[in-house]
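Here's the structure, in structure tokens; my notes come after.
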Amino acid sequence: MTDFYHSVTLDPDKCKGCINCIKRCPTEAIRVRKGKAYIIKELCIDCGECIRICPHHAKQATYDPVTAVLQAPYKLKIALPPPALFAQFNNLEDMDIVASALLRMGFDRVFEVSRAAELVSDATRRIMKYGDIKRPVISSACPAITRLIRVRFPELCDHVLPLHAPVEVAAALAKKEASEQTGIPLEEICTAFISPCAAKVTAAKSPIGAEHSQIDYVLALKDVYPLLLEQMSEEQNQPLTNTGRIGISWGSSGGEGSALLLDNYLAADGIENAIRVLEDLEDEKFDRLDFIELNACSGGCVGGVLTVENPYVAKTKLQRLRKYLPVSCNRLTSPIPAFFKWDQKLEYQPVMTLDSDLSVAMQKLNDIEQLAASLPGLDCGSCGSPSCRAFAEDVVRGKAAVGDCIFRMRDEIELLGGDQTDLRDLVPLPFRKEERDNG
Ligand code: SF4
Ligand code: SF4
């Protein structure tokens with residue numbers, strides 16, 4: 001498997017082994033061993049939850065530095081600002097103020113992602129009307145959700161909309177438009193996406209549904225924001241943007257769904273809420289829904305871990321900006337172009353098979369079930385695994401020993417200690433079975 005590039009990484013020097021992150025990870029991708037966390041790459045979906053929760057800033061997102069693109073030897077550099085970028089500024093009434101500041105920063109062109117979002121909304125409406133796809137259709141715009149489905153909800157893969165996210169479409173359109181208008185060959189043009197989250201960095205570096213991305217650089221919104229503030233001015237701005245309410249609304253939860261003009265769609269945000277919806281869908285609890293929009297971050301992309309503004313404040317700012325925009329500025333006038341569509345099917349990623357030999361795998365599964373049933377079931381995380389079930393699996397895989405369970409260790413010490421209180425007092429207070437003098 002080749003696509004294990006991850007934006008989310010761990011700095012072991014900063015990690016204190018506090019186990020805060022292991023309980024928060026939605027795919028149980030983190031373990032703590034020998035006092036340090038590590039990420040199981042095959043399971044990580046780059047949702048960024050561990051970045052948010054780590055009190056020691058040991059988890060971080062990696063991306064390209066702004067200088068990398070501004071100093072790159074391309075003839076033409078195009079900035080791709082997402083809707084969430086426009087939601088970071090106070091009292092913004094004109095998107096051209098931000099777009100013109102991007103030019104002053106050193107970009108040659110700007111192609112706002114929301115332009116492509118309006119076209120993707122159009123394409124989605126057509127697929128919903130004429131396409132042969134399982135209902136409810138699940139949006140593919142949030143890459144953390146798409147990866148979550150691929151590793152945790154294999155039966156839902158067929159529900160996922162087989163269209164590229166707006167940023168990927170924007171990158172392709174921006175290059176094509178620039179090349180046609182300037183005569184500069186495509187290979188001398190680069191695109192730089194200003195990302196609100198780690199998942200979109202990963203999606204650009206190792207895309208889903210395609211072999212290669214049209215995005216050449218991915219910058220962090222929080223790095224670009226202060227540089228933009230220095231360049232923003234009410235004067236001498238150029239008419240660069242061409243976005244309506246439909247496109248800009250994609251920046252917050254519910255924007256994509258409402259653009260489809262359907263009555264029966266559901267939008268949920270925050271990774272835990274999204275998981276609940278997917279579990280209910282797997283249990284066939286939704287029989288009248290046509291479309292489900294899920295965003296891993298609270299509030300949608302405005303809540304991405306690389307943004308600067310509080311997501312709820314950003315959402316309000318986006319609503320204000322919408323007032324100054326027409327309904328929509330971009331329509332598909334031809335059949336859905338091929339480059340809008342995934343050329344690879346979304347398939348279940350059996351990332352953690354127990355063994356290539358089926359009978360050995362079955363035996364291991366049996367061992368896991370037995371061990372899990374014998375553990376206390378407290379899911380306390382003291383062993384460095386996120387749950388007793390995950391710990392049992394780690395033991396059977398040879399990645400942990402049964403004695404790493406603090407309760408197992410207690411039982412062994414108490415057994416060994418017999419009536420010797422000195423030895424039994426080695427068991428830490430919260431884990432002792434009975435109170436003694438010092439308890
Ligand atoms: S939250 Fe996780 S990564 Fe951060 S210090 Fe604790 S164990 Fe290490
Ligand atoms: S980014 Fe998400 S999936 Fe990856 S290790 Fe962190 S919490 Fe887990």
Open item on the list: Here's a check for you: in the stretch 30-57, which residue that is closer than 16 Å to residue 385 by Cβ and away from ligand 2 (no atom under 11 Å from the Cβ) is least open to solvent (accessible area, probe 1.4 Å)?
Closed with: 32
- [ ] Kindly indicate which of 148, 186, 161 is among the aliphatic types (A, V, I, L, M) and either open to solvent by 10 Å² or more (accessible area, probe 1.4 Å) or within 16 Å of ligand 1 (Cβ to nearest atom) (or both).
- [x] 186
Task: Hits in the stretch 329-366 (condition: open to solvent by 60 Å² or more (accessible area, probe 1.4 Å) and acidic (Asp, Glu)) - done: 343, 347, 357
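Looking only at the stretch 83-106, decide whether some residue is away from ligand 2 (no atom under 16 Å from the Cβ) and within 15 Å of the chain's Cα centre (by Cα).
Yes: the stretch 83-106 contains one or more residues that are away from ligand 2 (no atom under 16 Å from the Cβ) and within 15 Å of the chain's Cα centre (by Cα).
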- [ ] Determine if the stretch 100-109 includes at least one residue that is under 30 Å from residue 351 (Cβ atoms) and out of contact with any Leu (no Cβ under 8 Å at 6 or more places or on another chain).
- [x] no
Task: Residues that are of a type in the set (Val, Ile, Thr) and under 21 Å from residue 92 (Cβ atoms), drawn from the stretch 248-278 - done: 248
Task: Selected residue (criterion: surrounded by the fewest Cβ atoms within 10 Å (Cβ to Cβ)) from residues of the stretch 295-328 that are part of a loop (DSSP other than H, G, I, E, B) and polar (S, T, N, Q) - done: 310
TODO: Scan 253, 233 and give me the residue that is within 21 Å of residue 308 (Cα to Cα), among the hydroxyl-bearing types (Ser, Thr, Tyr), at pLDDT below 95 and assigned to a loop (DSSP other than H, G, I, E, B).
DONE: 233
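For the structure I just gave you, tell me whether residue 299 is touching a residue at least 24 places away in the same chain (Cβ under 8 Å), touching a helix residue (DSSP H, G or I) at 6+ places or on another chain (Cβ under 7 Å) and on the phi > 0 side of the Ramachandran plot.
Considered against the rule, which asks whether it is touching a residue at least 24 places away in the same chain (Cβ under 8 Å), touching a helix residue (DSSP H, G or I) at 6+ places or on another chain (Cβ under 7 Å) and on the phi > 0 side of the Ramachandran plot, residue 299 comes out as yes.
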Open item on the list: Could you check the stretch 259-294 and list, in sequence order, the residues that are in a helix (DSSP H, G or I) and either open to solvent by 50 Å² or more (accessible area, probe 1.4 Å) or touching a residue at least 60 places away in the same chain (Cβ under 8 Å) (or both)?
Closed with: 271, 272, 273, 274, 275, 276, 278, 279, 281, 282
TODO: Output yes when any residue across the stretch 216-225 is open to solvent by less than 10 Å² (accessible area, probe 1.4 Å), within 25 Å of residue 255 (Cα to Cα), modelled with pLDDT under 95 and not in a helix (DSSP H, G or I), and no when none is.
DONE: no
TODO: May I ask you to say which residue of 211, 177, 168 is open to solvent by 10 Å² or more (accessible area, probe 1.4 Å), in a helix (DSSP H, G or I) and farther than 15 Å from residue 108 by Cβ?
DONE: 168
- [ ] Identify all residues within the stretch 63-87 that are touching a helix residue (DSSP H, G or I) at 6+ places or on another chain (Cβ under 7 Å) and open to solvent by 50 Å² or more (accessible area, probe 1.4 Å); write none if there are none.
- [x] 63, 74, 75
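The values are calculated or read from the model by the stated rules, or taken from the named source; none is laboratory data. A quick note: this is a predicted structure, and the numbers were derived from the prediction, not measured. Counting neighbours? That spans all protein chains shown, and the Cβs are built from the backbone with ideal geometry, glycine included. Only protein heavy atoms, including side chains, enter the accessible area calculation; ligands, DNA and RNA are left aside. Shrake-Rupley method; radii C 1.70, N 1.55, O 1.52, S 1.80 Å.
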